[in-house]
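The values are calculated or read from the model by the stated rules, or taken from the named source; none is laboratory data. For clarity, every value in this text was computed on a predicted model and none was experimentally measured. Glycine gets a Cβ as well: all are built from the backbone with ideal geometry, and neighbour counts include every protein chain shown. Protein only, heavy atoms only, side chains kept; ligands, DNA and RNA dropped before computing areas. Shrake-Rupley method; radii C 1.70, N 1.55, O 1.52, S 1.80 Å.
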Amino acid sequence: MQKIPATVITGFLGAGKTTLIRNLLQNAGGRKIALIINEFGDLGVDGDILTGCGIETCTEDDVIELTNGCICCTVADDFIPTMTKLLARDRLPDHIVIETSGLALPQPLVAAFNWPEVKTRVTVDGVVTVIDTAAVAEGRFADDEDKVAAARIADTSLDHDNPLEELFEDQIRAADLIVLNKADLVDAATLERVRAEIAGQAAAGVKIVSAEAGHLPADVLLGIAAGTEDLIAERKSHHEIEHEADGAEHDHDEFESFVVDAGSVVDPKAFADGLAGLIATHDILRVKGFAEVPGKAMRLVVQAVGQRIETYFDRPWKFGETRATRLVVIGLHDGLDAATCGAITAAIRGLTDDAARDAAE
Ligand SMILES: Nc1nc2c(ncn2[C@@H]2O[C@H](COP(=O)(O)OP(=O)(O)OP(=O)(O)O)[C@@H](O)[C@H]2O)c(=O)[nH]1
């Protein structure tokens, strides 16, 4: 029996994985694609955006959401059973696409394809790593060297590993194909600078392409035939290298996420501006979710990656669905203690119409 190819789409929070997948599904060229989505945070926003996008090949049957958690930590409990169930279906997919959370290490997931029940049926066609080119150009993953040097002098016992930078490097190291996405936000010279920087970190011979909104032909993304499950042991993550000896569990303690239930968004522009202000003053990496706008039949998608905020109406609220504003906020644990999370929640609620929310509660 021929193995089903599986493509793993990875990349940091907000790099454009869901957008790329949406375009891929729209241009799948007749392939039946099953999509497995894993998200960090308690709100399944990506799956909801994809099933809400109206693409024929994107029905609730085609999109499988893994329960919340880090895909690399819950491989045995969650991912393997999901794959087994998918492989037991009468109508098998032509291709499987897996979107990892922006905070996941791809290595343990790819290694899971060597589990006997999966290895005989599926092969990893390729790991596609999506990069936010503008964020890299702005140095968002790099350490502030002066700050690190100052901290080292202040306390030599401190652990100065940068969790963002390590995760970013691990995602690049795992790649068979790298997509320099958001090319529209940088000029040609910056794109080349980022390309050279990334090429220096990637495995030898890895192809790097640039894209806007993840627009790439399906034939570029699929059919790489890398068989990455056999190569992944050579592309170890920082964590695997550090903990090989002691076998320590990987975890995501460095990152924090919480969900904010808020009231109606009367003025989307003012709401986005207020959110931008909050992101500027707190250590927030990502905000995403849906908002209720009074008088509008459609729900408003809210997307924030760093300071960049996008809002658009995606689909009508469904019959029987509660019209509500729910957002997931993700940031570094160090910057988001309980008091700060509470203050951010109150501030977001303050940007919305509380009376509408209180009436709904
Ligand atoms: N300007 C620009 N914006 C983009 C591009 N690709 C994606 N975006 C925007 O970036 C934001 C995040 O995109 P997503 O596709 O949700 O990113 P993601 O990687 O799936 O995010 P997580 O799942 O939260 O990690 C959205 O507002 C997108 O519209 C691009 O090429 N250019």
When (1) assigned to a loop (DSSP other than H, G, I, E, B); (2) touching a strand residue (DSSP E or B) at 6+ places or on another chain (Cβ under 9 Å) are applied to residue 319, the one that fails is (2)
Among (1) more than 16 Å from the ligand (Cβ to nearest atom); (2) open to solvent by 10 Å² or more (accessible area, probe 1.4 Å); (3) modelled with pLDDT under 90, which single condition is residue 28 missing? (2)
Identity of the residue in segment 201-213, assigned to a loop (DSSP other than H, G, I, E, B) and open to solvent by less than 70 Å² (accessible area, probe 1.4 Å), that ends up nearest to the ligand (Cβ to nearest atom): 213
Return yes when residue 40 is at pLDDT below 90 and within 21 Å of residue 107 (Cα to Cα) and no when it is not. yes
Give the residue, chosen from 276, 262, that is open to solvent by less than 50 Å² (accessible area, probe 1.4 Å) and within 16 Å of the ligand (Cβ to nearest atom). 276
Subset of segment 297-322 (residues that are among the charged types (D, E, K, R), within 14 Å of the ligand (Cβ to nearest atom) and surrounded by 12 or more Cβ atoms within 10 Å (Cβ to Cβ)): 308, 314
How many of the residues in segment 82-119 are away from the ligand (no atom under 16 Å from the Cβ), surrounded by 14 or more Cβ atoms within 10 Å (Cβ to Cβ) and not in a loop (DSSP other than H, G, I, E, B)? 14
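Take the residues in segment 65-81 that are part of a loop (DSSP other than H, G, I, E, B) and at pLDDT 70 or above; name whichever of them is surrounded by the most Cβ atoms within 10 Å (Cβ to Cβ). Even if it seems obvious, please write down each step before you answer.
In the first step, residues of segment 65-81 are kept if they are part of a loop (DSSP other than H, G, I, E, B); the result is 66-74.
From what is left, the residues that are at pLDDT 70 or above are 66, 74.
Numbers: 66: 23, 74: 17.
Looking at residues that are part of a loop (DSSP other than H, G, I, E, B) and at pLDDT 70 or above, I get 66.
Would you point out the residue of segment 2-25, among those that are open to solvent by 30 Å² or more (accessible area, probe 1.4 Å) and either within 9 Å of the ligand (Cβ to nearest atom) or out of contact with any strand residue (DSSP E or B) (no Cβ under 8 Å at 6 or more places or on another chain) (or both), that is farthest from residue 304 (Cα to Cα)? Outline the logic, then answer.
Looking only at segment 2-25, we keep the residues that are open to solvent by 30 Å² or more (accessible area, probe 1.4 Å), and these are 2-3, 5, 19, 22.
Then keep just the ones that are either within 9 Å of the ligand (Cβ to nearest atom) or out of contact with any strand residue (DSSP E or B) (no Cβ under 8 Å at 6 or more places or on another chain) (or both); that gives 2, 19, 22.
Working: 2: 41, 19: 14, 22: 18 Å.
Top of the filtered list is 2.
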Pairs needed: first member in segment 17-46, outside the structural domain of residue 223 (by TED's automatic domain parsing) and small (Gly, Ala, Ser); second member anywhere, within 13 Å of the ligand (Cβ to nearest atom) and open to solvent by 10 Å² or more (accessible area, probe 1.4 Å); C-beta distance under 6 Å; at least 6 residues apart or different chains. none
Test: residue in segment 51-64 that is at pLDDT 70 or above and in a helix (DSSP H, G or I): yes
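Quick grid of which residues meet (1) of a type outside the set (A, V, I, L, M); (2) touching a Leu at 6+ places or on another chain (Cβ under 9 Å); (3) modelled with pLDDT of 95 or more; (4) open to solvent by 70 Å² or more (accessible area, probe 1.4 Å):
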residue: 226; (1), (2), (3), (4): no, yes, no, no
residue: 234; (1), (2), (3), (4): yes, no, no, yes
residue: 239; (1), (2), (3), (4): yes, yes, no, no
residue: 242; (1), (2), (3), (4): yes, no, no, yes
residue: 245; (1), (2), (3), (4): no, no, no, yes
residue: 251; (1), (2), (3), (4): yes, no, no, yes
residue: 257; (1), (2), (3), (4): yes, yes, no, no
residue: 281; (1), (2), (3), (4): yes, no, no, yes
residue: 284; (1), (2), (3), (4): no, yes, no, no
